[in-house]
Amino acid sequence: MKRINNPQALEEIREEIVGSRDPDKPCITICSGTGCHAFGCERVTEAFEAELKKQGLEERIDIRTTGCHGFCERGPIVVINPQKIFYQRVTLKDTEEIVSETLRKNNIIDRLLYSHPQTGEKIVKEDDVPFYKGQMRIIFGNNGNIDPTSIEDYLAIGGYKALSKVLTDLSPPEIIDMIKKSGLRGRGGGGFPAGVKWESCRNAPGDRHYVICNADEGDPGAYMDRSLLEGNPHSVLEGMMIGAYAIGSDEGYIYVRNEYPLAVNNVSIAIDQLRECGLLGENILGTGFNFDIKVNRGGGAFVCGESTALMASIEGQAGEPRAKHIHTVESGLWDKPTNLNNVETWANVPLIINKGVDWYTSIGTETSKGTKIFSLVGKVNNTGLVEAPMGMSIREIVYDIGGGIPGNGKLKAVQTGGPSGGCIPESLIDIPVDFDRLTEVGSMMGSGGMIVMDDTTCMVDIAKYFLNFLKDESCGKCTTCREGTRRMYEILDIITRGEGKEGDIELLEELSWVVSEVSLCALGQTAPNPVLSTIRYFRDEYNAHIKDKRCPAGVCKALITYSIDEEKCTACGKCKRVCPSDAVTGEKKVPHKIDPEKCIRCGACITECKFDAIEVA
Amino acid sequence: MGPQAIDRILKKYDYEHFAIIAMLQDLQDKENYLPEKDLEYISERLSMPLTRIYRIATFYNAFSLTPRGKHLINVCLGTACHVRGAARVLDRLKMALGIDVGEMTKDRLFSLETVNCLGSCALGPIVVIGNDYHGQMTPARVESTIKKYRKKSPRKKDEKD
Amino acid sequence: MIKFTIDGYEVEGEKGQNVLQVALDNGFDIPHLCYHETLKPYGACRLCQVEVTKGNRTRLTTSCNYPVLEGISVQTDTERITRARKMVIELLLARCPDVPIVKDLAKEYSVGEPRFKLDNDDCILCGLCERVCREVVGVDAITFLGRGSNRKVGPPLEINPKTCIACGACVYICPTNCIKLEETESERTIVRWGRTLPMKKCTVCGRSFAPWFQLDYFSKIIEGIPADFWDKCVDCR
């Protein structure tokens, strides 16, 4: 792409791109997020390419590989445009039929459509699929319309209009005022008002100001930042550029988790494209604004999601946080004023500039404006990425969009906020999802992970899981976090092994107090949350483990036994074959038995048994 | 890695000290781990204390100071995978390979590591071997999955340890 | 000078000073393990807690890295502080039950038998050794390795730090005395790091007085000293 020297040139190029595209031209859109990669979307794409060539249709039908569509449970996802026909779980074998039937003859292939789990009704259009219908995909929705490695695609949907407007029509204080009025709060977990942060940073004295995009998404179970960065990197970059202009920064960093190679790749390509056409570098759009962005890869440390640890990492040090008496907006990266925001926060910025404050504030609740992207995962039917307006209830998200709990499971709790958050019990799922409401009930918004748990999830085990994670991810600097998380884990482990005693819960609560009050950084300060919230709502489950030596959910190995229900067993022998410790005995046609002495409760037999004959007690 | 190849990496980042993490990542991408001699060379070339390099190499999970197996097995222990039974899959893998997390099998074929959320939660529990994603893994399928990789890499006689 | 109060008393500090130092200078007894006035504050042990009121906000914070500010009021002995302090000591005691300084703290602040499984460590990970080596001595021989519950201090690869000059600064500064120095007729060893260096004998009195390696290092970095200065021990110079 040739250099874009000024705002008019930008609009001219945009018109050229849009003008050269026929909106009615058939296009096969293939979701190519990491999730669908795992499902083999690359081969599906190759198969389509080969099929189009074979049938001589390459000129008449486009193929576009896009970012994540969000409905990860149903990948590989193929959407046929312009009709927006939604095909799910597409395999290599289907590609020939899709080309011959749907593209050539407009015939819809029923078996590839999404069918409503209750009514069985087949749904043709993407927007009518219940998973999508309830959402408000103002940020994430564009993923399906663009190839993330194509700057032309981004320009075609209106990209960089906001940047152009900001550089020509608005002054930095005006931009900051807009962001303040929009009520945009940090989407990374802190929920701090972005506009206020920008203002403090701008006003902080210093010869250089930095902006950073925190893409170190470390909460296990959360992957929306990754999908946004993979699927629409330009939206994030545009946000950063607007922020940099408002704050007075000429250098930005994107810190991406090491485990996200596709995100690193796609954002690097986007940056190269921007440099090539002059939208990054010196004298952007001829306005005198200079700005460039570097990409840093993380090294595999959850603590580097904490802003001071992240900055230490960029500086080439170990990711040890430091005390925040002095805020990073005043003294951050290399002791200069630094503004750090999360990926999703940055992506909201161009939208606010383009659509205006009034439009943006009409979405959401009083204190939490706009939408939030959640990763809805765990024991839920429609696993995937969901974008909902703030204020939608957890029930609506889990049932209307998520399709409820699979199998015979009953909803037990929804965990939000990752290892810094808490579990919200079933009794409270009508609360609206917004920053303050979630904090009130002992959890937090966090980065947006929403883990659905059913009655086969043991809440003590969940607390133990999170503390196990935190004790290894702790940087180890401060006594309370390093020793405290380890000791909390030990106590939880003892409880799950049936060796808990009276007073353990109280000891956990006391440890929680000192770890949260005295630890250096937010990792330590929020580490007790999973323990405290599970004690708050599931104390009886703790007591069952401690007093009765029982695990009601049937998870904690030391407290359960597996046995075979004679009436259901068909003696197929599958369990016997997969048992690693020879605990299953049984002749042909005779119901099998499990020897409790040999059984290690590995669960292999349960997953193999097609007759549901293994009982957990 | 030879000094010239290391120099190329250092030059790529203009010998800047703050890029040390990226330099080590590039080194490990090529060597599959961080050899002692290479780290000493980097320390000398950059005039950076060796302790700083080891501080970083031992702090970040991405780095390994010991050689890793031919097939790197990564088990996702993200919350969603955990809720779907990832812990039991890990236990079964440990049993089947005879090693613990962070270790390598004697025949140098497999290294076992864990990762906290690969972001493919719809396929959980997920195990990644090399670049292959194995979704919806169950303890029962562990043995057969590993077998496929053993078959791919037959044991060579007289392999130096 | 910056004026503020500690426990109601008016005190003064200079810009850039931290609250702990001013408190200690004025006779306030705030326990601390990872702080040393010659080194940059680290804030790791969490023992030096105080409550600082700035404006209308009061917060519990470490005092070693909290900058002195005009008009703040600092409390060194409140219920919150006592509760925090006792738990920190209990955690340290559970980690290092046999370390004298930790046992003394436990006695002083009435911390009983820890309610956790006892470890047998001798290091509290205060970092004073690695900081003195880097900030004062300048040889950067040891560092923190690993993280979280696996964190420890040591040389790269945990044996024989190649830049260590066996000066003994780490031995001196360690609050738990877990770094030992041993000398024979001709060698000095810093036991914990596995560093043994041969000693040079004084040309005058014949006593071994310093490691060759150490003298080499100093002679390179300190200029303008006659060569034979390094041949004699301190007493004979």
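Which strands (runs of 3 or more DSSP E) sit wholly inside region A:10-88 and have at least 2 residues that are of a type in the set (Val, Ile, Thr)? Before you say what the answer is, go through the steps one by one.
Values: elements: A:27-31, A:62-66, A:78-81, A:85-87.
Fully inside region A:10-88 and qualifying: A:27-31, A:62-66, A:78-81.
Residue by residue through region A:521-566, note down the ones that are within 14 Å of chain C (Cβ to nearest Cβ) and either surrounded by fewer than 22 Cβ atoms within 10 Å (Cβ to Cβ) or not small (Gly, Ala, Ser) (or both).
Start the filter on region A:521-566 by keeping residues that are within 14 Å of chain C (Cβ to nearest Cβ), which leaves A:521, A:523-525, A:527-528.
Hits for region A:521-566 are A:CYS521, A:LEU523, A:GLN525, A:PRO528.
Please identify the pairs in which a residue from region C:15-30 that is within 12 Å of C:VAL52 (Cβ to Cβ) has its Cβ atom under 6 Å from the Cβ atom of a residue that is of a type in the set (Asp, Glu), counting only partners at least 6 apart or on another chain.
Sorted first by the residue in region C:15-30, then by its partner, the list stays empty.
Just the residues that are more than 12 Å from chain A (Cβ to nearest Cβ) and acidic (Asp, Glu), please, taken from region C:29-59.
Answer for region C:29-59, where residues must be more than 12 Å from chain A (Cβ to nearest Cβ) and acidic (Asp, Glu): C:ASP29, C:GLU37.
Of (1) modelled with pLDDT under 95; (2) part of a helix (DSSP H, G or I), A:GLU174 satisfies all except one. Which?
Exception for A:GLU174: condition (1).
Can you spot a residue in region A:6-22 that is surrounded by fewer than 18 Cβ atoms within 10 Å (Cβ to Cβ), farther than 30 Å from B:TYR133 by Cα, of a type in the set (Lys, Arg) and over 34 Å from the mean Cα position of the chain (by Cα)?
So far as region A:6-22 goes, no, none of its residues is surrounded by fewer than 18 Cβ atoms within 10 Å (Cβ to Cβ), farther than 30 Å from B:TYR133 by Cα, of a type in the set (Lys, Arg) and over 34 Å from the mean Cα position of the chain (by Cα).
So is A:VAL518 within 13 Å of another protein chain (Cβ to nearest Cβ) and either among the charged types (D, E, K, R) or under 30 Å from C:SER63 (Cα atoms) (or both) or not? Break it down stepwise before answering.
On the way: within 13 Å of another protein chain (Cβ to nearest Cβ): yes; either among the charged types (D, E, K, R) or under 30 Å from C:SER63 (Cα atoms) (or both): yes.
Judged against the criteria, A:VAL518 is a match.
Tell me the residue from A:ILE352, A:ILE373 that is at pLDDT 95 or above and more than 17 Å from the chain's Cα centre (by Cα), please.
Working: A:ILE373 fails: more than 17 Å from the chain's Cα centre (by Cα).
Going through A:ILE352, A:ILE373 in turn, just one is at pLDDT 95 or above and more than 17 Å from the chain's Cα centre (by Cα): A:ILE352.
Of the residues that make up region A:75-83, is at least one within 26 Å of A:VAL236 (Cα to Cα), of a type in the set (A, V, I, L, M, F, W, C) and more than 26 Å from the chain's Cα centre (by Cα)?
From region A:75-83, those within 26 Å of A:VAL236 (Cα to Cα) are A:75-79, A:81; that's our starting set.
From what's left, of a type in the set (A, V, I, L, M, F, W, C): A:77-79.
Keeping just the survivors that are more than 26 Å from the chain's Cα centre (by Cα) gives none.
The answer is no, given that none of the residues of region A:75-83 is within 26 Å of A:VAL236 (Cα to Cα), of a type in the set (A, V, I, L, M, F, W, C) and more than 26 Å from the chain's Cα centre (by Cα).
What number of residues within region C:15-28 satisfy the criterion of being aliphatic (A, V, I, L, M) and within 11 Å of chain A (Cβ to nearest Cβ)?
First pass over region C:15-28, keeping only residues aliphatic (A, V, I, L, M): C:19-20, C:22-24.
After this cut, where a residue has to be within 11 Å of chain A (Cβ to nearest Cβ) as well, the list is C:19.
Number of matching residues: 1.
Yes or no, residue by residue, for (1) without any contact (Cβ under 8 Å) to a residue 40 or more places away in the chain; (2) of a type outside the set (Asp, Glu); (3) touching a Pro at 6+ places or on another chain (Cβ under 6 Å):
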| site | (1), (2), (3) |
| --- | --- |
| C:GLN75 | no, yes, no |
| C:ARG80 | yes, yes, no |
| C:ALA94 | yes, yes, yes |
| C:GLU113 | yes, no, no |
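Within 21 Å of the chain's Cα centre (by Cα), in contact (Cβ under 8 Å) with a residue 24 or more places away in the chain and at the interface with another protein chain (Cβ under 7 Å from one of its Cβ atoms): does that describe B:GLY78?
Working: within 21 Å of the chain's Cα centre (by Cα): yes; in contact (Cβ under 8 Å) with a residue 24 or more places away in the chain: yes; at the interface with another protein chain (Cβ under 7 Å from one of its Cβ atoms): yes.
Yes, satisfied.
Quickly run through region C:60-93 and pick out the residues that are out of contact with any Asp or Glu (no Cβ under 8 Å at 6 or more places or on another chain), in a loop (DSSP other than H, G, I, E, B) and more than 9 Å from every other protein chain (Cβ to nearest Cβ).
Matches in region C:60-93: C:SER63, C:CYS64, C:LEU69, C:GLU70, C:GLY71, C:ILE72.
What helices (runs of 4 or more DSSP H), lying completely within region A:503-597, carry at least 2 residues that are closer than 22 Å to B:GLY85 by Cβ and over 32 Å from the mean Cα position of the chain (by Cα)?
A:529-546, A:574-578
Give the residues of region C:161-182 that are surrounded by fewer than 13 Cβ atoms within 10 Å (Cβ to Cβ) and touching a strand residue (DSSP E or B) at 6+ places or on another chain (Cβ under 8 Å), sorted by residue number.
Those that are surrounded by fewer than 13 Cβ atoms within 10 Å (Cβ to Cβ) and touching a strand residue (DSSP E or B) at 6+ places or on another chain (Cβ under 8 Å): C:LYS180, C:GLU182.
From C:ALA44, C:ALA23, grab the single residue that is within 19 Å of C:LEU91 (Cβ to Cβ) and not aromatic (Phe, Trp, Tyr). I'd like the intermediate steps shown before the answer.
Numbers: C:ALA23 fails: within 19 Å of C:LEU91 (Cβ to Cβ).
From the options C:ALA44, C:ALA23, the qualifying one is C:ALA44.
Can you go through B:ARG68, B:ARG55 and tell me which one is basic (Lys, Arg) and in contact (Cβ under 8 Å) with a residue 12 or more places away in the chain?
Values: B:ARG55 fails: in contact (Cβ under 8 Å) with a residue 12 or more places away in the chain.
Answer to the check: B:ARG68.
Name the residues in region C:126-153 that are at negative phi, in contact (Cβ under 8 Å) with a residue 12 or more places away in the chain and not in a helix (DSSP H, G or I), would you? Walk me through it before giving the result.
We begin by selecting, within region C:126-153, every residue at negative phi; these are C:126, C:128-137, C:139, C:141-145, C:147, C:149-153.
In the following step, the residues that additionally are in contact (Cβ under 8 Å) with a residue 12 or more places away in the chain were identified as C:126, C:128-133, C:135-137, C:139, C:141-145, C:151-153.
Across region C:126-153, the qualifying residues are C:CYS126, C:VAL139, C:ALA141, C:ILE142, C:THR143, C:PHE144, C:LEU145, C:ARG151, C:LYS152, C:VAL153.
What is the residue count in region C:142-161 for residues that are within 7 Å of another protein chain (Cβ to nearest Cβ) and of a type in the set (D, E, K, R)?
Within region C:142-161, residues that are within 7 Å of another protein chain (Cβ to nearest Cβ) and of a type in the set (D, E, K, R) number 2.
Counting only residues that are touching a strand residue (DSSP E or B) at 6+ places or on another chain (Cβ under 6 Å) and not in a helix (DSSP H, G or I), which one in region A:224-252 is nearest to A:ARG137 (Cα to Cα)?
It comes out as A:GLY252.
Do we find that B:ARG45 is within 10 Å of chain A (Cβ to nearest Cβ) and touching an Asp or Glu at 6+ places or on another chain (Cβ under 8 Å) in this structure? It would help to see each step written out before you state the result.
Working: within 10 Å of chain A (Cβ to nearest Cβ): no; touching an Asp or Glu at 6+ places or on another chain (Cβ under 8 Å): yes.
Criteria not met by B:ARG45.
Specify which of the listed residues (C:CYS45, C:CYS96) is in contact with an Asp or Glu (Cβ under 7 Å, 6 or more places away or on another chain), surrounded by 19 or more Cβ atoms within 10 Å (Cβ to Cβ) and on the phi < 0 side of the Ramachandran plot.
On the way: C:CYS45 fails: in contact with an Asp or Glu (Cβ under 7 Å, 6 or more places away or on another chain).
Result: C:CYS96 is the single residue among C:CYS45, C:CYS96 that is in contact with an Asp or Glu (Cβ under 7 Å, 6 or more places away or on another chain), surrounded by 19 or more Cβ atoms within 10 Å (Cβ to Cβ) and on the phi < 0 side of the Ramachandran plot.
Can you find a residue in region A:469-476 that is at the interface with another protein chain (Cβ under 8 Å from one of its Cβ atoms), in contact with a Pro (Cβ under 9 Å, 6 or more places away or on another chain), under 25 Å from B:THR114 (Cβ atoms) and charged (D, E, K, R)? Lay out the reasoning, then the answer.
Quick first cut of region A:469-476, residues at the interface with another protein chain (Cβ under 8 Å from one of its Cβ atoms) only: A:469, A:471-476.
With the extra rule that they be in contact with a Pro (Cβ under 9 Å, 6 or more places away or on another chain), the set shrinks to A:469, A:473, A:475.
When the remaining residues are screened for being under 25 Å from B:THR114 (Cβ atoms), the result is A:469, A:473, A:475.
Next, only the ones that are charged (D, E, K, R) stay: A:473.
Yes, region A:469-476 contains a residue that is at the interface with another protein chain (Cβ under 8 Å from one of its Cβ atoms), in contact with a Pro (Cβ under 9 Å, 6 or more places away or on another chain), under 25 Å from B:THR114 (Cβ atoms) and charged (D, E, K, R).
Each row is one residue, and each column tells you yes or no for (1) touching a strand residue (DSSP E or B) at 6+ places or on another chain (Cβ under 9 Å); (2) more than 22 Å from A:GLU251 (Cβ to Cβ); (3) buried (at least 18 other Cβ atoms within 10 Å of the Cβ).
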site	(1), (2), (3)
A:ILE326	yes, no, no
A:ASN339	yes, no, yes
A:LEU351	no, yes, yes
A:TYR360	yes, yes, yes
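Where in region B:1-72 are the helices (runs of 4 or more DSSP H), entirely inside, with at least 1 residues that are within 24 Å of C:ILE142 (Cβ to Cβ) and under 18 Å from the mean Cα position of the chain (by Cα)? Lay out the reasoning, then the answer.
On the way: elements: B:3-12, B:20-31, B:36-46, B:50-59.
Helices (runs of 4 or more DSSP H) meeting the threshold: B:20-31, B:36-46, B:50-59.
When the residues of region C:140-164 are narrowed to those that are aliphatic (A, V, I, L, M) and at pLDDT 95 or above, which ends up nearest to A:LEU523 (Cα to Cα)? So that I can check it myself, show each step before the final result.
Here is the first cut: in region C:140-164, the residues aliphatic (A, V, I, L, M) are C:141-142, C:145, C:153, C:157, C:159.
Within this subset, residues satisfying the condition of being at pLDDT 95 or above are C:141-142, C:145, C:153.
Values: C:ALA141: 30, C:ILE142: 26, C:LEU145: 20, C:VAL153: 22 Å.
Taking the candidates together, the pick is C:LEU145.
Mind checking which pairs have a first residue in region C:217-237 that is at pLDDT below 85 and a second that is among the hydrophobic types (A, V, I, L, M, F, W, C) and assigned to a helix (DSSP H, G or I), Cβ under 8 Å, 6 or more apart or different chains?
Pairs that qualify, where the first residue is at pLDDT below 85 and the partner is among the hydrophobic types (A, V, I, L, M, F, W, C) and assigned to a helix (DSSP H, G or I), are C:ARG237/C:PHE229.
From the set of residues in region C:183-208 that are touching a helix residue (DSSP H, G or I) at 6+ places or on another chain (Cβ under 6 Å) and assigned to a loop (DSSP other than H, G, I, E, B), which is surrounded by the most Cβ atoms within 10 Å (Cβ to Cβ)?
C:CYS202
For region B:96-122, enumerate the residues that are of a type in the set (D, E, K, R), out of contact with any helix residue (DSSP H, G or I) (no Cβ under 8 Å at 6 or more places or on another chain) and closer than 21 Å to A:CYS602 by Cα. Steps first, please.
First, the residues of region B:96-122 that are of a type in the set (D, E, K, R): B:100, B:103, B:106-108, B:113.
If we keep only those that are out of contact with any helix residue (DSSP H, G or I) (no Cβ under 8 Å at 6 or more places or on another chain) as well, we get B:103, B:106-108, B:113.
B:GLU113, the sole residue that qualifies.
The values are calculated or read from the model by the stated rules, or taken from the named source; none is laboratory data. The structure displayed is predicted, hence computed values, not measured ones. Every residue, glycine as well, gets a Cβ built from its backbone with ideal geometry; the counts of neighbours run over all protein chains shown.
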